Amino acid sequence: MWGGRFTVGPAEVMEKINASIDFDKRMAAQDIAGSKAHCAMLVKQGIISPEDGKAILEGLDTILREIQEGRFTFSAALEDIHMNVENRLRELIGDAAGRLHTARSRNDQVATDFKLWVRGAIDELDKQTGLLISALIDQAEKNHDVIMPGYTHLQAAQPVTFGHHMLAYVEMFGRDRSRLIDCRKRLNECPLGAAALAGTSFPIDRHATATALAFDRPTANSLDSVSDRDYALEFMSAGAIMAIHLSRFAEELVIWCSQGFGFVTLSDAFTTGSSIMPQKKNPDAAELIRGKAGRVIGALNTLLVVMKGLPLTYGKDMQEDKEPVFDAADTLILCVTAMTGMVADMKANRDKLHAATADGFLTATDLADWLVRELGLPFRDAHHVTGTIVKKAEDKKCDISELDLAEMQSVEPRITQEIFRFLTVEQSAQSRTSFGGTAPENVKAAAKAARERFIR
């Protein structure tokens, strides 16, 4: 395939290390789409004849059908998807196939194919993330007034609502979508026509090929065009952050499903049993999502290390870009889809959630706030008074709401009976009406606003 420059073929091990067809055949549709756009432009610019152009386009359509129908034979000897397609095209239409590669190189060809593939992966992941957000909003609306403990340091802190907790993940995944959209905007420039690295002397129209492939514009610098993999790094960076969000949520589901919590019940569709313990119902989908986050983070690290020392422009090292990106995209789409299923089927156990608010003195901040609001204490003084009252309740092994008024007054004499109205977890949650707060009415309004912000 290298013509006159080489007199012998590659060593067997060289063939193995050099070939990428086993994984880059996934870009067959993108490769053919890029070739068709390039061919149409060559004809329009008078660089190849209309007859050759027609034969090439028809041949490319035939090859695409063969691939889609599983009738195409991929050859490692031909290295990659580009040469496999070109070789088959020559078998179908003869010497005219050789004209297709006029004014382009595999360098700009693979950059174009890869950008098209990543763009498609972004679109699919964005769509699936939208479905996850919608499922979370459904749960938020359904459970807008279900009281549960909010945690810091995994210690019960203040009462919140289950719906409010769901909307926290809506915000996380909403930011993930915005990162994907931002990445797509920056990605959407077409490298085709940059050729090997310096551009071409043929009178090509790069704007025409960019438009044909739904890019916003051609890339501006031929050197950067073939050496850039920022779009892949940015996609995987956004994906790694998303994987962390998925893993954090998965961790909470694992905890919430345990007997010590019992906050939620997952359906049989997203749990498994034990080969020896018949009573077990394990949250395996959540555990697998938690584990697969490492694959996505590892994929990002792989490409960062590949790219960190490369001089301009193209090096064969860059062939190592595709496998981590493919794996990261597949993993993310699988995990988001599984998480959507879990969320849609998940049942919040209202009684267990409420019962958990009995421990941890969750209304202590409400007591301190009352001392500030009603008695005019500086907050730091109110904090100290409340801490002393909490210690009394802890010694009596009761909640602060179960102390006698006299016991509270022994710490701060001006406390009145009115304080007990503010020491229920329901009142605590309802009082958090500040923007972004957990009050049930806030949650209903926030869920409605989230649909408008995040569901397109």
How much accessible area per residue does region 36-94 have, counting only protein heavy atoms and a probe of 1.4 Å, in square angstrom? 49 Å²
Using alpha carbon positions and the Kirkwood radius, the Rg to Rh ratio of region 46-204 is 1.25
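Would you mind putting 307-313, 102-108, 346-352, 250-256 in packing order, based on average other-beta-carbon counts within 10 Å, highest first?
Working: 307-313: 11.7, 102-108: 21.1, 346-352: 15.6, 250-256: 19.6.
My ranking of the peptides, most packed first, is 102-108, 250-256, 346-352, 307-313.
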If unit charges are put on Cβ atoms (+1 for Lys and Arg, -1 for Asp and Glu) and the dipole of the chain is taken about its Cα centre, the option from ILE276, ILE32, LEU246 lying farthest towards the positive end turns out to be ILE32
Given a 1.4 angstrom probe, I'd like the percentage of the accessible area of the chain that is carbon and sulfur, rounded to a whole number. 54 percent
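Let me make sure I get this right: for region 307-383, a, b and c are the square roots of the gyration tensor eigenvalues over alpha carbons, sorted descending. Under 1.5 in a/c it's rounded, otherwise prolate if a/b > b/c, else oblate. Which is it?
Numbers: a/c = 6.57, a/b = 2.06, b/c = 3.19.
Oblate shape, in that a/c is at least 1.5 and b/c is the bigger or equal ratio.
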Restricting to region 141-262, what percent of DSSP beta bridges are antiparallel, rounded to 5? 75 percent
Would you please give the FRET efficiency between GLU418 and ASP345, computed as 1/(1 + (r/R0)^6) with r the Cβ-Cβ distance and R0 = 51 Å, to the nearest 0.05? 0.70
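Two-decimal Rg/Rh of region 142-252 from alpha-carbon positions, Kirkwood Rh? Before the final figure, lay out the partial values.
Values: Rg = 22.3 Å, Rh = 17.5 Å.
Result for region 142-252 is an Rg/Rh of 1.27.
Roughly what percent of Cα-Cα pairs across region 103-183 reach past 18 Å? Kindly include the intermediate steps, with their values, before the conclusion.
Details: 1928 of 3240 pairs.
So the pairs more than 18 Å apart make up 60 percent of the total in region 103-183.
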Semi-axes of the equivalent ellipsoid for region 357-422, Cα gyration tensor, largest first, Å: 17, 12, 11
Using Cα atoms only, what is the angle between the long axis of helix 322-345 and the major principal axis of the chain, expressed in degrees (0 to 90) to the nearest 10? 40 degrees
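Kindly identify region 67-155 as rounded, prolate or oblate by the Cα gyration tensor criterion: order the square roots of the eigenvalues as a ≥ b ≥ c, call it rounded if a/c is under 1.5, otherwise compare a/b with b/c, prolate if a/b is larger, else oblate. Kindly include the intermediate steps, with their values, before the conclusion.
Working: a/c = 4.09, a/b = 3.48, b/c = 1.18.
Here region 67-155 falls in the prolate category.
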Report the accessible area of SER237, computed with a 1.4 Å probe over the heavy atoms of all protein chains in place, in Å² rounded to the nearest 10. 50 Å²
Which shape class applies to region 323-456: rounded if a/c is under 1.5, otherwise prolate when a/b exceeds b/c and oblate if not, where a ≥ b ≥ c are the square roots of the Cα gyration tensor eigenvalues? prolate
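For LYS397 and GLU124 in one chain, what is 0.36 nm times their gap in residues minus the Cα-Cα distance, to one decimal in nm? Display every interim value, and only then the final one.
On the way: separation 273, 0.36 × 273 = 98.28 nm, distance 5.36 nm.
So the chain would gain 92.9 nm between LYS397 and GLU124.
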Quick one: what does P(r) look like for region 205-276 with 10 Å bins over all Cα pairs, in whole %? 15, 25, 18, 14, 15, 12, 1
In region 8-93, what is the count of Lys pairs whose alpha carbons are under 21 Å apart, counting only pairs at least 8 residues apart or on separate chains? 5
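If the chain between ALA449 and ASP216 were fully stretched, how many nm would it gain, using 0.36 nm times the residue separation less the Cα-Cα distance?
80.8 nm
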Show me the trypsin sites (Lys or Arg not before Pro) within region 1-83 that DSSP assigns to loop and that have at most 15 other Cβ atoms within 10 Å of their Cβ. ARG71
Label-zone membership for region 371-395, site SER434, 7 angstrom Cα→C-beta point, backbone N under 20 Å: 371-387
Which whole-angstrom value gives the distance between the alpha carbon centres of region 140-191 and region 262-291? 23 Å
Local charge sum around GLY387 (other residues, Cβ-Cβ under 12 Å, Lys/Arg +1, Asp/Glu -1)? 0
Counting other Cβ atoms within 10 Å, keep those with at most 15, restrict to DSSP loop, and tell me which GluC sites (Glu not before Pro) in region 29-122 are left. GLU69
On a 0 to 90° scale, report how tilted helix 81-93 is relative to the longest principal axis of the chain, with both axes built from alpha carbons and the result rounded to the nearest 10. 40 degrees
Roughly how tilted is helix 284-307, in degrees to the nearest 10 and between 0 and 90, from the longest Cα axis of the chain? 50 degrees
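How big is the charge dipole of region 215-369 about its Cα centre, in debye rounded to the nearest 20, if each Lys and Arg gets +1 on its Cβ and each Asp and Glu gets -1 on its Cβ?
So the magnitude is around 360 debye.
Add -39500 (n - 2.57) for each DSSP H run of 4 or more in the chain, then divide by its residues: what number comes out at 222 nm, to the nearest 500 deg cm²/dmol?
Values: 18 runs with 275 residues, N = 456.
Rounded to the nearest 500, the figure is -20000 deg cm²/dmol.
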Share of Cα-Cα pairs in the chain beyond 27 Å, whole percent, is 65 percent
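The values are calculated or read from the model by the stated rules, or taken from the named source; none is laboratory data. Since the model is a prediction, treat every value here as computed from it, not as a measurement. Cβ: placed from backbone, ideal geometry, glycine included. Neighbour counts: every protein chain shown. Remember, those area values only see protein heavy atoms, side chains included, never the ligands or the DNA or RNA. Shrake-Rupley method; radii C 1.70, N 1.55, O 1.52, S 1.80 Å.
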